[in-house]
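Worksheet: one structure, shown below.
We did not get these values from a lab; they are worked out from the coordinates using the rules stated. Not measured: the values here are computed from a predicted model. Cβ atoms come from the backbone with ideal geometry, glycine included; neighbour counts cover every protein chain shown.
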Amino acid sequence: MSDTQNSSSLDRPLTSIGDDKLYRENFVKQLCNALIVTDNNKATGAVIGLMGEWGSGKSSILNFVEQEILNRSKEAIVFRFDPWLISERDQLVESFLQDFKLAVQKNKGILGRIFFITGYLLTRYQKKLSIGLDILGIVAGWLVSAGILVSNIPFIGSVAKHLIELFKSEDKTLHQLKSQIDKGLVALDFPIVVLIDEVDRLDNTEIVEIMRLVKSVADFPNVSYLIAYDADRVVEALGAQSPSGDAERKGRAYLEKIVQHQILLPALFEDELKQMLRDEVSNVIADEYLQDLTKTDGNYARLERAIFPYLIQTPRDLKRCIGIFRTQYLMVGSEVYWVDVLGYSILLTKAPQVANHVRRDPIFFSDDFEHLGIAYHRYDNNPPSNSKQLAGLLGDDWDKQLERNLILCLFPRFAASESWVNVDSENQTKIRNSRPLAFLMRQGIPPGYYSIEQASVVFNLNKSRMASALKASMNDDKLSDFEYLLSYHYDKLAIRDDVALWVNLVSWISKPDSVPLGEIDPMFHVFRLFDATLITAAKNSKTLKQNYHKIVNSLADRGLDQYVAHLLRNEVFAHGLFEVKARSDYPKLIEEAEARNLCILISKEWKNRHMTSDWFFTNWKETPIWLMNDMGVWDEECRKRLAELIDDRRTFDSFILMVWGADYIINREVLETMLGNKVFADLFRKYGRIDGNSQPNKDVSNARSKILRTFGDIFNL
């Protein structure tokens, strides 16, 4: 992660033109030329409006202008006024004058002249605002606060009294005063520039008041104004008192009388915003993800397509999204794909109503809504198209909204055949999957789940302690999350010993003895949960794949045959061994020659065990038989031995539980290969009937019923 991740240039307006990434330095210099005459360092007296929508970067431009002016003239007075920060809004004019006083205190030599300006302003506003200020007292207070004795200022006595009389005189006398003020300001050898920000945040009355303030003082020489605002908002306020049909025209006319020049912010191009977003994202995410930012066909590129140019249009849009993204990313870490965290952060910012729907019903937005059959239950077995499902929640016009593409990018089940979405189904940390979506909605670990850190602790325990932890997890119905983490987050688990982990785990899930099943043991289902986990994990982890052959051999050495059968049959299908047709959906995890030799060696060993012991019942399922069959090892001799093993009621019931228990089922061809249909029919007639001496449990009864539905006609019962 970047060293600057905790400080973003977008957290607040930029203060230095050197930090600007939008190449606006020349614009700022030209703007300063309009405020200050370059030949004599005087203010032009212009009133300039800097127009831009909310969040477009106006405040940063004001900061750059201030920096540029002070670089040109160290004596210049730049007065910043933000009316939005004034707590007493009915005292905007007084606050302006008081703040102006603080700005000019930096140059004591001009306080005398400032007296004229302030006196003029207060007199003009006194009657309207009823501020009741004592002009002489204010000015004297300013001088004292500036360290100047009133007795040392000649005009404080007689001149001040004369000025007060002038302020009370007719308009003609005011014009005389104005002339004196002009002469005093012209004599200044440095400019005064007033920067006013956040005007568009005020209410209508306050906007009108600020504009009147500017209009009342803006005609003085050597004082320039730069006012930043959203033109539409200010026009709305200035025209609010006019008839509705004429309000906009009147508002614009009013604004044009006050502001001499209205200048738009430089256009911000889409590529510039994209680069700003990439720069800010790179300050947040881990270094290992930085390469995703440059892939033209990757998930991040698709997200950019979904959000530009309509959802993110200004630097402030970007700032708000990045602020939320930083927090969300730190809370969920690697549990959720960072691109989706960013996309959801943008959804929270720009389409909060849609985000609220996701929070209330996350499963609806995930692929599991269909995969788990929830759609059929919710729509009474007749679910509409995915697009219509979403329309039922968001409204029929959802696909006309600006956030449409972002919704499709994050939740592609609604994308139908839109190829640009290019669904990345392999990435299990995307929020199209219910688990990472739950983590994101919870902003942490949701009930029923483990964090990667918690799982790492468990999978690095010794055999007995790991077994205890897994047993507790099974009792809490949270075991499936351990399986998920092994499958899709293996490299993040920081496993110290790959071989030890899998030997310990497979030992725990495997059948511990050769006692025939009397009912479906809970571990029967646990084994099924993990039977392909090592294959999936090795497919997703280069580190684990390197140790895969060692793990397979270690499991075989310990007689964990059912699990080994799953692993080796994967290689048979992956490589197309022993005349089995190769399948691309099976990963190649062992070299072909090694896999072939291992299959042959182990199959022969299994046949020997089968022929000399009750080895068959050391497994939860008959899986090893199918690897032996692939090798050509499972033959008539093996079938006869199996028939002998199950030729009593107890072992026969165990056999049908192994083959037809839970939701398993086979067809006649498979049964013929394993045992022979006629042999099985004879055994079923012998042990499959329910009589007074035999009342099987529910598991056996269900298996028998399934057999009758599937093979009833061959039993002639």
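Data table
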{"read-out": "For segment 608-658 and segment 296-330, distance of Cα centres in Å", "value": "59"}
{"read-out": "Charge dipole magnitude, Cβ of K and R +1, D and E -1 - segment 398-495, Cα centre, debye nearest 20", "value": "200"}
{"read-out": "Size of electric dipole in segment 638-717: Cβ of Lys, Arg +1 and of Asp, Glu -1, about Cα centre, debye, nearest 20", "value": "80"}
{"read-out": "Three-way shape call for segment 218-326 based on the alpha-carbon gyration tensor, with the a/c threshold at 1.5", "value": "prolate"}
{"read-out": "Residues in segment 477-517 reached by a label modelled at Ser468 [backbone nitrogen below 18 Å; 7 Å Cα→Cβ]", "value": "504-505, 508-509"}
{"read-out": "In segment 408-491, trypsin sites (Lys or Arg not before Pro) in a DSSP loop with at most 16 other beta-carbon atoms within 10 Å", "value": "Lys478"}
{"read-out": "Nearest-20 debye value, segment 270-442 charge dipole, Cβ charges on Lys, Arg, Asp, Glu", "value": "520"}
{"read-out": "Pair Ala301, Ile665: separation of 7 Å Cα→Cβ label points (nm)", "value": "4.6"}
{"read-out": "Farthest positive-ward along segment 449-596 dipole, Cα basis, beta-carbon charges - from Gln562, Ser514, Leu544", "value": "Leu544"}
{"read-out": "Gained length - Glu453 relative to Asp232, 0.36 nm times residue gap less alpha-carbon distance", "value": "74.3 nm"}
{"read-out": "Segment 454-470 versus segment 235-280: alpha-carbon centroid distance in Å", "value": "63"}
{"read-out": "Low-density loop cleavage sites - GluC sites (Glu not before Pro) in segment 484-585, where at most 10 other Cβ are within 10 Å (DSSP)", "value": "Glu579"}
{"read-out": "Span from the segment 499-556 Cα centroid across to the segment 365-384 one, whole angstrom", "value": "32"}
{"read-out": "Two-site label geometry, Arg72 and Asn33: point separation in nm, points 7 Å out along Cα→Cβ", "value": "1.0"}
{"read-out": "Candidates per trypsin sites (Lys or Arg not before Pro) in segment 14-86, loop by DSSP, up to 15 other Cβ within 10 Å", "value": "Lys21, Lys74"}
{"read-out": "Added length on full extension, which subtracts the Cα-Cα distance from 0.36 nm per residue, Asp182 to Asp287", "value": "31.7 nm"}
{"read-out": "Shape call, segment 638-717: gyration tensor on alpha carbons, a/c limit 1.5", "value": "rounded"}
{"read-out": "Prolate/oblate/rounded label for segment 270-442 (Cα gyration tensor, a/c 1.5)", "value": "prolate"}
{"read-out": "Relative exposure of Arg249, Arg302, judged by other C-beta atoms within 10 Å (fewest first)", "value": "Arg249, Arg302"}
